[in-house]
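Read the structure below first, then the notes.
The values are calculated or read from the model by the stated rules, or taken from the named source; none is laboratory data. Values in this document were obtained by computation on a predicted structure and should not be read as measured data. Positions of Cβ are generated from backbone atoms using ideal geometry, with glycine treated the same way; all protein chains shown enter the neighbour counts.
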Amino acid sequence: MPDPTATLYAPTEGKQGATLSQTMSDTITSIIAGRTPLSAFDDAVKKWRSGGGDAIRKEYEQALGRK
């Protein structure tokens, strides 16, 4: 399925997206490797959302004409 946001721009994604993605990726890798409990995923998602993830989602929704 094609990504509907592939041609869109979200300012927060440009500023914080790489850091947020890396944090999530690191958490997932640690969980898979057994270094971190699965419960750490929920905390990582909360940090992603509060660290800019919700803003990114809102910007993409607005660009798509939603909400």
#### Entry: Selection count, the stretch 39-57, where residues are assigned to a helix (DSSP H, G or I) and among the polar types (S, T, N, Q)
1
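From the list 7, 36, 27, 19, exactly one residue is at pLDDT 95 or above, β-branched (Val, Ile, Thr) and not in a helix (DSSP H, G or I). Which is it? Give the steps one after another, and end with the answer.
Working: 7 fails: at pLDDT 95 or above; 27 fails: not in a helix (DSSP H, G or I); 19 fails: not in a helix (DSSP H, G or I).
Selected residue: 36, the only one of 7, 36, 27, 19 that is at pLDDT 95 or above, β-branched (Val, Ile, Thr) and not in a helix (DSSP H, G or I).
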### Task
Confirm whether residue 63 is of a type in the set (Gly, Ala, Ser) and surrounded by fewer than 15 Cβ atoms within 10 Å (Cβ to Cβ).
yes
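Could you grab me the full set of residues in the stretch 1-42 that are among the small types (Gly, Ala, Ser) and over 20 Å from residue 66 (Cα atoms)?
Of everything in the stretch 1-42, those that are among the small types (Gly, Ala, Ser) and over 20 Å from residue 66 (Cα atoms) turn out to be 14, 17, 18, 21, 25, 30, 33, 34, 39, 40.
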